[in-house]
Every structure is written in C-alpha cells, then in structure tokens.
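Structure, as structure tokens:
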Amino acid sequence: MELQAKVIEKNSQLDENQRESSFIYKMTEHWELIAALLSGVLIVAAWVFSKYGMESTSVTIFVLAFLIGGYAKAKEGITETLKEKDLNVEMLMVFAAIGSAIIGYWAEGAILIFIFALSGALETYTMNKSKKEISSLMTLQPEEALRIIDGREEKVHVSMLEIADQILVKPGERVPADGIIIRGETTLDEAAITGESMPVSKRNKDDVFAGTVNLNGSIIVEITKKSSESLFQKIINLVQNAQSEKAPSQLFIEKFEGTYVKVVLAVVILMMFLPHYLLGWNWQETFYRAMILLVVASPCALMAAIMPATLSAISNGAKQGILFKGGVHLENLNALRAIAFDKTGTLTRGKPEITDIIIRPDITEEEFLLITASIESHSNHPLAQAIVQYTKERYSITFEKPSQFKDVPGWGIEASLLDKQWKIGKKDFIGLDEIKRFQNNIAKTLAEEGKTIVYVKDEEGIAGILALKDVVRDISKQAIHTLNSIGIHTIMLTGDSETTAQSIAKESGVNHFIAECLPETKVEHLKQLQEKYQNVGMVGDGINDAPALATASVGIAMGEGSDVALETADVVLMKNDLTKIADAISLSNRMNKIIKQNIVFSILVIMLLIASNFLQVLDLPYGVIGHEGSTLLVILNGLRLLK
C-alpha cells in the first residue's frame, strides 16, 4: 500500500509538472496576443483615470499601453527597416502612434497600437496554426531505435542509423526509419503515411515506413534509407517549404509596400504645410489631418490580404493529405483547364490482377489454380506473382513441387507436375491454332478488352486461360467524373498499346487518351496540350513521369510514388486519393476569391478614409477604428480557409 501511495504521489507530481510546463508553453506561444490584450486593459484603466481628472496617471498608463502593445510590431518594423534598408508598414504605424501622442490624442494612439497589435497577433496565430501541421507530423516519428549488433540490442538516436543497419521494432512501437522486413510478420497501421484506415499485413521483404505503427508481431527491419531521407521526413520538408514559399500576389504586394510607404510619408509631410497655405486651415487642424492621413493611408489591411489566407489554405490542405510546395502552386491550380494522368499506379492499381478464369470442362477451378500457381510460384515474373497471390487468397491449398522446371525467357514455363507435362505462357508458346479453337476463340475477346492472357496447356491441350489486367481504381473513376463535371478536361498518357489504352480510358472515364508514350514523348504531348489548353496539370507517380511533372503548369505526385516524382512535383497527394485533386482546385478557388475580396475591400476602405479626412468629416478615433478594423476583418476573412 505504501509503495502504491508513493507511485500515485509521483504520478500526481508529474501531472502537476506537465500542467505547469503546458501553461508556460501556451503563455510563450501566445505572448503577442497576451501583450495586445494587456494593452487593451491598460487603455480602459487610463480612460477611467482621465474621467476622474487624474491626467498624469492616465498618461503614464497610456505610455505603458504603447510600450506593451507596440513592442512586437515596433521591433519587427525597426529590425526589417535596418535589414532591408527600406521603410515598411510597421514603421508607419509607429510614426502614426507617436504623432497622435504629440498632438495630445493619447487614447487614439493607444487604441491604434492595441488594434494593430491584435491584428499582428492574429497573423502570428495563423502562422503558428500552419506550423502545427509540422509539429503534429514530427511527433509521429520516434527519436530512438533498437539497433541489433552481433545479437545485442542497443538504443540509439535515429540520426545514427545507417543503411543496412538492422533494428528491432516491437508491438505497439512506431517504425523509426524506412526499411524492409528481414525477419518476422506483423500488421502495420500506415494511416500516417497513406491515409488508409485499414491495417496492412507485412512479411519478409515487404517495405515499411518511418512513422507507421507496428500493431502485433516483433519484426527485424533492415534500414534502406537514412532518417533524413525517409518518406516521412520528405513529407515534413514539403510542408516546411510550402510555408516559406510565397505566392506571386504576395510577392507583388511586398514589392509594392516599400514604394507605397515612401509616397504616404511624402504626402503626409506635404499635408503638414500645404493645407495651411492653400486652404486656410489653422496649424493645429493641418497637423491633426496629417496625422489622420498617416493612420488611414497605411496599407495594413492590404499587407494582410494574402499571407494569412495562403497559410490557412496550405494548412487546410495538409490536414486533408494535400501537400502544396508553396502558395504559387496553390494559386496556379485555379487556372487549370486540363489535367493529364499517367496510367500505371495513378489511374490503376499499378499491378496486374486476375479478372477472368476460363477452364476446360474436365478440370475444376481449384485444381487448375493449384497446378498453375504451384508452377508459377517458382517464377519472379509479375504475372506469376499475381496468379500465386490470387490463388492464396481464394483457396487454402498447399502448393505442389514440380519434378521438372524450365524457364523459357520471353515465352513462358515448362514443368512436370502430377505426372503431366505443362506449358504456361504466351499464345505463340502454346500454339495459335489451339487457342483459336478453345472456347470459340474467347481469348481474342478478352485481349480486345485490354487484358493480358496467360495460357495453360497440358498433354491433352489447353487446360485453361487466365486474363489479367492492371485494374482501374474505383476512386480514380470517381475523381475523373468529378473533374469532368467542373469543366476540367482529362487526358490519359500511357506507354501501353492502343487497344489496352482505349479499354482503360473507357473504364476510367477520361475524355481523351494518348497511347504508346515514352517518357520523352510524354513531355512533347504535354507541350501540345498546353498549346491547346494553356494551363495543364500532370499527375504521375513514377520516375518516367518526372519530366512531364516538371513541364506541367502544376505537377501532382502520388504520395507512394518514386522519390524523383515527389521531389519534382508541386503538389503531393499523400493518401493517393485522386478525388483530392478536385478538393485542391476548390480550395484554390476559395483562396483566390478571399484574396480578391480582401484586396478590393482594403483598397476601398483606404480610399474612403482618405477622402473623408480631406473633407474634414473624419476624426482620429474613427480613422483608427476604420483602418485597424478593416485589417482585423481581412485577417479573419483569411482564417476562414482553415475550415
């Protein structure tokens, strides 16, 4: 009991420490927002003191509000000005707040600082929200691994793992690095990588990825990639790059900022003198109107029109398994008029599957598959592996061992099994006349459907045929239908024959197909499509797709694709879900609409406030509220893209 009490006490202390560290972390993370709110509280306190005639106390508290609320933005503005040797919006706001204080409008200057600080805190929140996508990813990758050396286990940091090292992954643990299983069988939860909710069975020679969860059996994994080169790390790098790369509209606004600030300051200086001489305003009114102009002409809302919206959209995409390598690619998706798709592994599952089995009347399907799979189990050909896998899944049978086995390269297999001689392979290997007579030449019909035929013959003639096909994924059909419905023209580029391509195109629903494409001809075809449709996307997963992905207006790679495809593409579909393309285009549309709304709204507000100031109908408090209020509205409008 005493031991139990000590354990409970220790756990409660740990919980207390965790709560305390969590509180400190939140305070640190949201310090800008806390400073802004504190300045707001001080403004209210100063206003109360001023109402009771305590002016000196009120001014002191206003100064504190200036310092606490304006510290972050003033520091940012001064640092950027010294670094870039150019003025910015933050400096304009500092000048405006100081100018307000000089003419005795302490409350207005403090409110200006408060709202500007609050808008800055919201912008920081947007960036932190985006960065959390990386943080949540990074927590999924273990920092340590159990390396096996000479039969001994030693715990090492994942960065110390080298290619060909062997590690032990126990049940319930996450796989620390990419590799292949060399001993043991298990089931892995790969949702973090592929998005598939169903666990996947893994055995000897199967690939495993860092960040996936080992659900049951212990496995020994041989490392095939360093931790810095793992698929998981590449995902993290993609998100990081996306956050740092700016969209063209954002770059334009930032270039425009420096010139605009100089013009505003020049006009404000003129405003301090000219109205007095030209319009007969008194010096106090002239300086007052110049300070209002300094406030309302600052393009804060315009500066905040794009970045928060872009970061919010990138974060939204990351949550859905769509990784954008930058705002420019997210922006460009909106302009796509056509999308070209690779066939194998993109529209299709990427491996052959048995679709039809036609057999002679004197043999059962189970007997036929037992014989065929027993012989094919000794071959490494993809078609042979598909037949063996299909047989294992359909029947619980033990394979027989052929007494003789001969691989005839390019043609097929000859073997002796169950006291019979067998031939498995192409039609020319079996005999064209026999094939035509078998089941009224049904093989020809199946071949016209784009299927690959494997013929099986014994001493009595053709025992049966198997039709295999790289099957179109159901999700591909759904994706193509959705894209066609929103006016995106879909094209399939494939190296397959005209017959196979036509069959796959019909099944998938693409508008058009181009067959017998080599990697270099894919690029040529893509350029021709760009001449016709201007903005054309490309979706692929293999090394041979990389040139076309680089040529396309927007290159889109499948998450399970080759390293080269992932590095070349502009967008990555982590869940291999082609329906996410339509979601990405929709997100791009929403982002561009919100950015346009923000820009138009911010410009109209600035023009209205400037005009009202010249007509002498706008007082400083309302100028502050109108200007900073519009900035807050623009940022909040951009934050809608988080959902």
*Just reorder L446, L64 by solvent-accessible area, largest first, 1.4 Å probe, all chains present.*
L64, L446
*Can you list the HN-Hα couplings for the stretch 52-65, worked out from phi with the Karplus curve (6.51, -1.76, 1.60; θ = phi - 60°), rounded to whole Hz and with x for Gly and Pro?*
9, x, 9, 5, 4, 5, 4, 5, 4, 5, 4, 4, 4, 4
*What pairs from K444/K506; K226/K575; K202/K451 go past 26 Å between their alpha carbons?*
K202/K451
*Which residues' amide hydrogens lie under 5 Å from the amide hydrogen of E353, considering only partners 5 or more residues apart or on another chain, with H built in the peptide plane?*
K469, D470, V471
*What does the convex hull of the Cα atoms come to per residue for the stretch 267-323, in Å³?*
69 Å³
*What's the carbon and sulfur percent of the stretch 47-110's accessible surface, probe 1.4 angstrom, rounded to a whole number?*
67 percent
*Given H placed on each backbone N at 1.01 Å, which residues far from F399 in sequence or on other chains put an amide H within less than 5 Å of it?*
none
*³J(HN,Hα) across the stretch 32-42 via Karplus (A = 6.51, B = -1.76, C = 1.60, θ = phi - 60°), whole Hz, x for Gly/Pro?*
5, 5, 4, 4, 5, 5, 5, 5, x, 4, 5
*What order, most packed first, do the peptides 574-587, 201-214, 299-312 have when packing is the mean number of other Cβ atoms within 10 Å of each residue?*
299-312, 574-587, 201-214
*Given K351/K401; K170/K392; K205/K436; K351/K457; K392/K580; K155/K225, which pairs have Cα atoms separated by over 30 Å?*
K205/K436; K392/K580
_Using each residue's phi in the stretch 164-174, evaluate 6.51 cos²θ - 1.76 cosθ + 1.60 at θ = phi - 60° and report the 3J(HN,Hα) Karplus result to the nearest Hz, with x for Gly and Pro._
5, 5, 10, 10, 9, 10, 8, x, x, 8, 8
*Arrange the residues I625, I359 by how much accessible surface each exposes, largest first, with a 1.4 angstrom probe.*
I625, I359
_Give me the percent of accessible area attributable to carbon and sulfur for the stretch 467-570, probe 1.4 angstrom._
48 percent
*asked:* Order R349, R174 by their accessible area, 1.4 angstrom probe, all chains in place, largest first.
replied: R349, R174
*Rounded to the nearest whole Å², what accessible area per residue is found for the stretch 583-643 with the 1.4 Å probe?*
48 Å²
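The values are calculated or read from the model by the stated rules, or taken from the named source; none is laboratory data. Predicted, not measured: the structure shown is a model, and the values here were computed from it. Heads up, the Cβs are rebuilt from the backbone with ideal geometry, glycines too, and the neighbour counts pull from every protein chain shown. Just the protein is used for accessible areas: all its heavy atoms, side chains included, with ligands, DNA and RNA removed. Shrake-Rupley method; radii C 1.70, N 1.55, O 1.52, S 1.80 Å.
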